[in-house]
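Remarks on the structure that follows.
The values are calculated or read from the model by the stated rules, or taken from the named source; none is laboratory data. All of these numbers come straight from a predicted model, not from anything done at the bench. Backbone-built Cβ (ideal geometry, glycine too); neighbour counts: all protein chains shown.
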Amino acid sequence: MVLLDNITSVSSSADYLPIGIQLIFAAGFVAFMIAFSAWVGPKRKTSDKLQTFTSGIPSHGDARHPMAIKYFLVAILFVLFDVEVIFFYPYAVNFQDFAADITMKWHTFYAVLMFVGCFLVGFIYIIKKGALKWED
Amino acid sequence: MQTNYFILMHHELIIAITIMLLLVIKVGSDKLSNQLVANVTNGLLLASLVLGFIVQPEGNVFGDMFHTDGFALLQKNILVAGTLIISLQASTWLKDYEHTAEFYILLLSTLLGMCFMISSRHFLMFYLSLELSTIPLAALANFDLHLKRSSEAALKLIISSAFSSGLMLLGISFLYGTTGTLSFGEVASAIQLNTPLQLFAFVLIFAGFGFKISAVPFHLWTADVYEGSPVAVTSYLSVISKGAVLFVFITVLFNVFALYAHSWYYLIVIVSLFTMVIGNLFALRQTNIKRFLAFSSISQVGFILIGLSGGTHTSAASVVYFIVVYIFSNLGAFGVIALVQGLTGKENINDYKGFYLNNKMLSWMLGIALFSLAGIPPVAGFFGKFFLLLSGAEKGAYWLIAIAAINMVISLYYYLNVVKNIFIDKSDTSIEKLPIAIQPRIAMIICVIGVVGSGLCGGLYQYIFDLVK
Amino acid sequence: MIPVLLILFPLVSGLLSFFIKDEKTAKIWASFSSLATVVVALIAALSPADLSFDAAWLPTLGSRFSLGMDGMSKMLTLLTAISFPLVFFSTYKNSYTNSNSFYGLLLLTQAGLMGVFLSTDALLFYFFWELALIPVYFLCSIWGGEKRIAVTFKFFIYTFIGSLMMLAGIIYLYTQTTDASFALKSFYNLHLSISQQAVGFWLFFVAFAIKMPIFPFHTWQPDAYEQSPTAVTMILSGVMVKMGIYAVIRWLVPVFPAAVSEYGNLVIILSVIGMLYASLIAIRQDDVKRLIAYSSIAHIGLMCAAIFVKNNIGLEGTMIQMFNHGINVIGLWIVADAVEKQTGTRKISELGGLAQKAPTLAILLVVMALANIALPLTNAFIGEFLMFNGLFQYNMVIAAVAGVSIILAAVYTLNMIQRVFYGNTVSLTANAMESNGYVQTTLIILVIVVIALGIYPQPLLQLTKGVLLH
């Protein structure tokens, strides 16, 4: 309710005026700086200057190089199974309390077992599909 | 307490078990017949459907995040039945397909998401289930793996649905910011009139819904995605996933944002007008039958929105009834198209010239389905549209009814055009007699009975109406 | 129960007809089932009391499956019942591809027509109204002439626009009823203001006017009649146009009395313009089918005008004329079809001297044609006399102008007879013969009905009397 009060008290349009001015000022400043530097600064274009320059190493090839889909596959699978681990945390934190409770003890265990089981089947599935096989 | 969970969520449980079962089967053996996979899935879906009509529990679980009652069960039954029909229709296509099990796993995942979505009484739950129901769909859209346009469809679908989800999330977070809660019931009581931020939140959520049901101006993804996806997925997208989102839309509009009824009334009326007109005008010019049905389904959504604008029990009942009818008629049409496309690869409207000559039963099926979509008696589509218009007229918007009537005439033109191609035109290269396997045949019979029966049997509407109350 | 049977018989037999493989069986099946319907319709017509049937249909909406049968309904269901076996019989020798579907669709049309004439619930009425239309779409566009597709499209879109306007009107009236009901009675009990009535009146009237058709909504009609297969044309002009007239009498005039007084004059003028216009065009027609089509527009115009004069004489004339016009126009179509079958053309300019080759046909045609121009002792005379009488009481000038159309009718009808049947034979008619026995028998039956009702119209007058008292 406090949150609600705050929101409603703030949300009158006059209160947004400073923010609006700041926005205009920020945008104006950026635009001014870009225009000003382009106008004031000296321009001497040579082919060397227009080269991409990274750490003193001459550039070669195209940056939009096709990457093997395997990278993405492994990355996404990593994220998936990584997230899975997060769900163990609440269980681990509360493990002692559950173990003390006679009725909850096995229920929670079964629940986690089911959860792990689901993921295990998925894991076996991707292995069988060869998603983690690096070399063809 | 423990068993209660299982009974309350029997739809979701059976679907989840089916998914796991399919995964285990797939892991267990690579060389299992597709027929077996399909039969197992169909059997379990049928079991779920039967159970859905017999066991009708009512209650809340998960801290009131999940709610089920007769109305929600009916909606789930409708979706399960629709999925079952699609699965039967797809069997010709899936017979020699190497990823049948995956197809079903993804399909059922989205169905699971939709079932949760219908039952959700909390925005967090709603959002999660919405995502569960859309992300596998993008994968499904890409299931013609060798086709480039299929990949295009999948990419368009995933990007547009991600965008719409983003809009909806923004709306939900504004709602949370202003009310401090996400539970449907609490939000409904915490909402106040004349709060610009809440109105803005509503508009964002509305836009999110608009994307999912492809209402104009959020419709641009529809045609490409429908054209590129395999027919089974197209029919699923156009019927089941739209239906599920509309079901939730009813709850969100009528319960959560009931206070804003006067604002969303005009919003919906305007959107429905544009949806009808633009959907119709684009459908007029289509030559590909899948694109054609995509645009016609956009205009159908316009009619549904007219029904929604009523904002009463009657309009909720009329929308649900229309969706039932729409499922039968659209799936009837898609069933024939799936067969034709699967066996001959033809999907232009011109290819259907002289179709009646060799394929009498399929022609009648398609003809009846199209007449139903056009809303002509005696088939059920007429009653569906009639109820929608009737509930739209409750607020006295007769001009809206008049415009809807004009749109019905326009839509009649292009539906008749297809009917003409099938029945009347002659062609030297008309499609040969197609063999119909037993599963599509069953699906077709269900659709015909549904299209004809659900209109003539007045009890169905009564049944839905009683459940809404 | 009898009203339900009247719908059920053609509906079931029509659906079953689709499963018949053999052409001959399909014809016999259609003929016999339609004869069975005639028996039921006769029983209904002879029963002295009004019949009705009522069952729950859509209780939430207040729409019931209610059928009612007063004198007018009895007469029109009888007309519907009689005309189908006549059509089947006269076209018995015609051969149609997929004849099972052809006869099935015709019988479904009959079911729809029956429903229109019987229902006393607006939603049900609309339902049957459309049900009668859809089979006709297929019949015309599959079995019709060369230009059938465009013509049928026009016909279908026209009538569908009308239907949707009516649907909008029905929804509007429904929201105005106090008991949220679609029943005819609730519509009669409405208390609408003049402006409300005006909206409803035009929504309904346009739908009915397209169906009848009334000038200027008639443009679909000559093309559709010309291009449809003859059996369908007979049904279209013999029975289907009566849907529009019937609907005006039952659903329009009693529901919007104030609007009828307000706009009745306009409608009458439109109708009379249509009569003259159609008659004049008929004179210039070279195609027999188009000639009959325009002549039909003229007759319908008179019937429509006679309803809106709002006196009992005109109304009675219209009611019995509905029946008589149905009989006469079917007879004319049969003759037109017989001529085309014998000579291979419908062009009046290419024909001549047919009477020498086919004297029986000529005699029968002359009787039908005389009925068409409403000569005394033919059935149409009574109806036209009553209608003109009504029109005369309403406004003498309008009646006089309308009376011109009688003369014009004589001009084009007799001109047609003279040029087709008399004079010297030409190359096309040189080898013509008498038409087959089926056609002749049907025509003889029709001629008997025409003369019998012309001499003794009492049964029809008796049947429709009850309606007038309301």
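Structural remarks
- Taken together, C:Ser34, C:Ser73 contain a single residue that is of a type in the set (S, T, N, Q), in contact with a Pro (Cβ under 9 Å, 6 or more places away or on another chain), crowded, with 18+ Cβ neighbours inside 10 Å and over 19 Å from C:Tyr126 (Cβ atoms), which is C:Ser34.
- When A:Lys70, A:Lys128 are screened for being closer than 30 Å to B:Ile25 by Cα, touching a residue at least 60 places away in the same chain (Cβ under 8 Å) and assigned to a helix (DSSP H, G or I), only A:Lys70 passes.
- Yes/no for C:Phe182 being touching a strand residue (DSSP E or B) at 6+ places or on another chain (Cβ under 7 Å), of a type outside the set (S, T, N, Q) and crowded, with 22+ Cβ neighbours inside 10 Å: yes
- On inspection, C:Ala399 fails the criterion of being under 18 Å from C:Leu365 (Cα atoms) and within 24 Å of the chain's Cα centre (by Cα).
- Residue tally, condition buried (at least 21 other Cβ atoms within 10 Å of the Cβ) and among the hydroxyl-bearing types (Ser, Thr, Tyr), over the stretch B:266-316: 7
- Selection from the stretch C:47-65 of residues that are crowded, with 22+ Cβ neighbours inside 10 Å and hydroxyl-bearing (Ser, Thr, Tyr): C:Ser63
- The number of residues in the stretch B:375-412 that are of a type in the set (Asp, Glu) and part of a helix (DSSP H, G or I) comes to 0.
- Residue match in the stretch B:184-191 (condition: assigned to a helix (DSSP H, G or I), touching a strand residue (DSSP E or B) at 6+ places or on another chain (Cβ under 7 Å), more than 14 Å from chain A (Cβ to nearest Cβ) and within 25 Å of B:Phe66 (Cα to Cα)): yes
- Selection count, the stretch A:98-136, where residues are small (Gly, Ala, Ser), within 30 Å of A:Ala68 (Cα to Cα) and facing chain B (nearest Cβ under 10 Å): 1
- Identity of the residue in the stretch A:66-86, surrounded by 12 or more Cβ atoms within 10 Å (Cβ to Cβ) and within 14 Å of chain B (Cβ to nearest Cβ), that ends up farthest from B:Tyr5 (Cα to Cα): A:Leu73
- When residues of the stretch B:377-403 are limited to those that are within 21 Å of the chain's Cα centre (by Cα) and of a type in the set (A, V, I, L, M), the one nearest to the other protein chains (Cβ to nearest Cβ): B:Leu389
- Criterion (β-branched (Val, Ile, Thr), within 24 Å of the chain's Cα centre (by Cα) and more than 27 Å from C:Leu107 (Cα to Cα)) met by exactly one of C:Val239, C:Val267, C:Val199: C:Val267
- Number of the exception - B:Leu45 against (1) out of contact with any Gly (no Cβ under 9 Å at 6 or more places or on another chain); (2) of a type outside the set (Val, Ile, Thr); (3) exposed (fewer than 14 other Cβ atoms within 10 Å of the Cβ): (3)
- Single residue of the stretch B:421-455 satisfying the filter (surrounded by 20 or more Cβ atoms within 10 Å (Cβ to Cβ) and at the interface with chain C (Cβ under 10 Å from one of its Cβ atoms)) that is nearest to the chain's Cα centre (by Cα): B:Gly455
- With respect to the stated conditions, B:Gln300 fails to be modelled with pLDDT of 85 or more and assigned to a loop (DSSP other than H, G, I, E, B).
- Test for B:Ile7: is it away from every other protein chain (no Cβ under 14 Å), assigned to a helix (DSSP H, G or I), farther than 26 Å from B:Phe328 by Cα and more than 24 Å from the chain's Cα centre (by Cα): yes
- In the stretch C:108-124, the residues that are within 18 Å of the chain's Cα centre (by Cα) and away from chain B (no Cβ under 11 Å): C:Thr109, C:Gln110, C:Leu113, C:Met114, C:Val116, C:Phe117, C:Leu118, C:Ser119
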